[in-house]
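Chemist: The structure's right below; bear with me while I get my questions together.
Since every read-out is calculated from the coordinates, none of them should be taken as a lab result. A quick note: this is a predicted structure, and the numbers were derived from the prediction, not measured. No Cβ is skipped: glycine too gets one built from the backbone with ideal geometry, and neighbour counts run over all protein chains shown.
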Amino acid sequence: MRIDIITLFPEIALAPLSESIIKRAQAAGIVEIFAHNLRDWATDKHKKTDDYLCGGGQGMLLKPEPIFAAIEELRGEGSRVLLMTPQGKPFKQEMAQGYSKLEHLIILCGHYEGVDHRVIDELVNDEISIGDYVLTNGAIAAAVVSDAIIRLLPGALGDERSHQDESFSDPNLLEAPAYTKPNSFNGLDVPEVLLSGNHGKIEAWKKEKAVERTKANRPDLLD
Ligand code: ADE
């Protein structure tokens, strides 16, 4: 897979993707990641990428010309163009799974009040939000979305089974609580069932706890 991120802050997008699992996935040739500075496609002498809103209003908007030039240069036959914006569809694990099957993603990062809507009408396939809050810029969101996708690529995690039990592989259930050694710590004990060696009982306990945890933290998933 290839991911091209278009942003005013390439370092912000790349930093979280330059360590650990995603770093190894790049080294192994599983994914190629490029972060481009939108300013490189600005044509005027001040390298201007934003402007005031037509019709008035607070803030600035990313101009269409540099974005059209960037995407037209980077996109190919099978490219999908995502825009990171708080106005987008909520990003979900199943979307990460869908995107992980594609060859090429172009991720455009919003900034200030967003992007000129002609960009969305003409170039963007999907508008994506990573949550109901507003970040200073979409490069952070692009790193989040890229990470969630790349870790699903075959070979990225090393151990393929790691995907099976995790939260959202069943989209309606969070993961059960988990424990490691020591079995007793400051008077706090690991639940006995997990030390019983009885796999049937352990699976039943995990299911019960997963439902309890989902009810407590994400009741919306059970509706
Ligand atoms: N840019 C600013 N806030 C965002 C959000 N919540 N999701 C995606 N992109 C954003």
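Chemist: Between residue 157 and residue 34, what is the label-to-label distance in nm when each label sits 7 Å out along the Cα-to-Cβ direction?
Modeler: 3.0 nm
Chemist: Next up: Quick one: which of 92/215; 47/89; 181/209; 101/209; 48/89 span more than 22 angstrom between C-alpha atoms? Spell out each step's value before the answer.
Modeler: Details: 92/215 19 Å; 47/89 31 Å; 181/209 20 Å; 101/209 32 Å; 48/89 29 Å.
With Cα atoms farther than 22 Å apart: 47/89; 101/209; 48/89.
Chemist: Restricting to the chain, compute how many DSSP beta bridges are antiparallel as a %, nearest 5. Show your work: numbers first, answer last.
Modeler: Values: 6 of 30 bridges.
Looking only at bridges with both residues in the chain, the antiparallel portion is about 20 percent.
Chemist: Cut-off is 10 Å between beta-carbons; in what order do 111, 117, 36, 46 appear when sorted fewest neighbours first? The partial results should precede the final answer.
Modeler: Working: 111 21, 117 11, 36 17, 46 7.
Sorted ascending by nearby Cβ count, the order is 46, 117, 36, 111.
Chemist: Give the distance, in whole Å, between the Cα centre of region 104-157 and the Cα centre of region 4-69.
Modeler: Each part's Cα centre sits 10 Å from the other's.
Chemist: What number, rounded to the nearest 500 deg cm²/dmol, is the helix-based mean residue ellipticity at 222 nm of the chain, given -39500 (n - 2.57) per DSSP H run of at least four residues and division by all its residues? Walk me through the numbers before you get to the answer.
Modeler: Numbers: 8 runs with 73 residues, N = 223.
Mean residue ellipticity, 222 nm, calculated: -9500 deg cm²/dmol.
Chemist: What percent does the relative contact order of the chain come to when contacts are Cα pairs within less than 8 Å and at least six residues apart? Display every interim value, and only then the final one.
Modeler: On the way: 342 pairs, mean separation 47.0, N = 223.
This gives 21 percent for the chain.
Chemist: Let me ask something additional. When you count, for each residue, the other Cβ atoms within 10 Å and take the mean per peptide, how do 169-182, 11-24 rank with the highest first? List each step's numbers first, then the result.
Modeler: Working: 169-182: 13.2, 11-24: 15.9.
For the peptides 169-182, 11-24, the packing ranking is 11-24, 169-182.
Chemist: Order the peptides 120-128, 77-85, 48-56, 89-97 from the highest to the lowest mean number of other Cβ atoms within 10 Å of their residues.
Modeler: Values: 120-128: 16.8, 77-85: 19.0, 48-56: 12.3, 89-97: 14.8.
The densest-packed peptide leads the list: 77-85, 120-128, 89-97, 48-56.
Chemist: Quick one: length gained pulling residue 168 to residue 184 fully straight, 0.36 nm per residue minus the C-alpha distance? The partial results should precede the final answer.
Modeler: Details: separation 16, 0.36 × 16 = 5.76 nm, distance 3.00 nm.
Computed gain between residue 168 and residue 184 is 2.8 nm.
Chemist: What is the calculated FRET efficiency for residue 11 to residue 60, with r their C-beta to C-beta distance and R₀ = 30 Å, to the nearest 0.05? Write down the numbers at each step before the final one.
Modeler: Numbers: r = 21 Å, r/R0 = 0.71.
Plugging the Cβ-Cβ distance into 1/(1 + (r/R0)^6) gives 0.90.
Chemist: Further question on the same structure: Which residue fluctuates the most in the chain, going by a Gaussian network model with Cα springs under 10 Å, if the choices are 45, 209, 101?
Modeler: Taking springs between Cα atoms under 10 Å, the residue moving most is 45.
Chemist: Another one. Could you work out the relative contact order of region 165-223, using alpha carbon pairs under 8 angstrom and six or more residues apart, expressed as a whole percent?
Modeler: On the way: 43 pairs, mean separation 24.2, N = 59.
About 41 percent, as a whole number.
Chemist: Follow-up question, since we're still on this one. Take 4, 223, 189 and order them by how many other Cβ atoms sit within 10 Å, fewest up front.
Modeler: So the residues, fewest neighbours to most, are 223, 189, 4.
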